[in-house]
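The values are calculated or read from the model by the stated rules, or taken from the named source; none is laboratory data. A quick note: this is a predicted structure, and the numbers were derived from the prediction, not measured. Here the Cβ positions follow ideal geometry from the backbone for every residue, glycine too, while neighbour counts run over all protein chains shown. Note: areas computed on protein heavy atoms with side chains; ligands, DNA, RNA excluded. Shrake-Rupley method; radii C 1.70, N 1.55, O 1.52, S 1.80 Å.
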Amino acid sequence: MKLSYETESRLKILVIILVVSSVVLYYLLSPIIFHKSVPYGVAAPKGQIILLENITLGNYSWQNAVDMGEHLILKGSEDYGNSVLLRIQTPGWCADVAFWDGQRYVVSERCVRELAIPKYLFMITSAFYWYVESGYHLIFHKPEGKPEKYELVNFTVTYGEKTDWGAFKVAYGKS
């Protein structure tokens, strides 16, 4: 069967249109189909300025400290285990962990630079943002000496094989 010139031309144009539209659709839809919805990482702080505070919880107090329970936000939708490892990278800085046990505040960790935080310490929202539960406090402080104004404090957070960084600059409030 012999095709006419017009029919053959129409078929060629149709094939070209199908190939081009398939390629365009692939490049438009593949990021949506194969995209990992929420990669793990530190959502905040990522370099923000945070005011130093004098913090008192029950019988415990810290001078010129930061309560990371108010500032630390993680993100992630995968389950890599039961704990998150937080490491403070900046020399001279460490963290205390305080929590409300129903009757009083208890400090479970004192001046540690590496801290395994149980996953249940975080409230995980439907958008996969992780907030520190109320009643838990991660107090970052510098036990030796006074922090410099705008001193940068770096830390890393590891969950399973995934590691991300966080950082903040400290500043003093107006007196």
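Residue 83: in contact (Cβ under 8 Å) with a residue 12 or more places away in the chain and in contact with a strand residue (DSSP E or B) (Cβ under 9 Å, 6 or more places away or on another chain), yes or no? So residue 83 passes the test. Considering segment 53-70, the residues that are open to solvent by less than 40 Å² (accessible area, probe 1.4 Å) and assigned to a helix (DSSP H, G or I) include one that is farthest from residue 155 (Cα to Cα), namely 69.
Restricting to segment 56-97, and then to whatever is closer than 23 Å to residue 127 by Cβ and of a type in the set (S, T, N, Q), can you tell me which residue is modelled with the highest pLDDT? Once the filter is applied, the top-ranked residue is 83.
Do we have residue 3 as out of contact with any Phe, Trp or Tyr (no Cβ under 8 Å at 6 or more places or on another chain), in a loop (DSSP other than H, G, I, E, B) and either surrounded by fewer than 10 Cβ atoms within 10 Å (Cβ to Cβ) or not assigned by the TED database to the domain that holds residue 72 (or both) here? Break it down stepwise before answering.
On the way: out of contact with any Phe, Trp or Tyr (no Cβ under 8 Å at 6 or more places or on another chain): yes; in a loop (DSSP other than H, G, I, E, B): yes; either surrounded by fewer than 10 Cβ atoms within 10 Å (Cβ to Cβ) or not assigned by the TED database to the domain that holds residue 72 (or both): yes.
So residue 3 fits the description; yes.
With the condition being open to solvent by 60 Å² or more (accessible area, probe 1.4 Å) and under 23 Å from residue 58 (Cα atoms), I'd like the strands (runs of 3 or more DSSP E) fully within segment 71-175 carrying at least 2 qualifying residues. Steps first, please.
Working: elements: 73-75, 83-88, 94-100, 105-112, 114-118, 122-124, 129-132, 136-141, 152-159, 162-171.
Fully inside segment 71-175 and qualifying: 105-112.
Go through 32, 17, 50 for me and flag whichever is among the aliphatic types (A, V, I, L, M) and assigned to a strand (DSSP E or B).
On the way: 32 fails: assigned to a strand (DSSP E or B); 17 fails: assigned to a strand (DSSP E or B).
Going through 32, 17, 50 in turn, just one is among the aliphatic types (A, V, I, L, M) and assigned to a strand (DSSP E or B): 50.
Checked against (1) farther than 17 Å from residue 45 by Cα; (2) modelled with pLDDT under 90, residue 128 passes all but a single condition, namely (1). The set of residues in segment 35-47 being surrounded by 10 or more Cβ atoms within 10 Å (Cβ to Cβ), assigned to a loop (DSSP other than H, G, I, E, B) and at pLDDT below 90 consists of 38, 39, 40.
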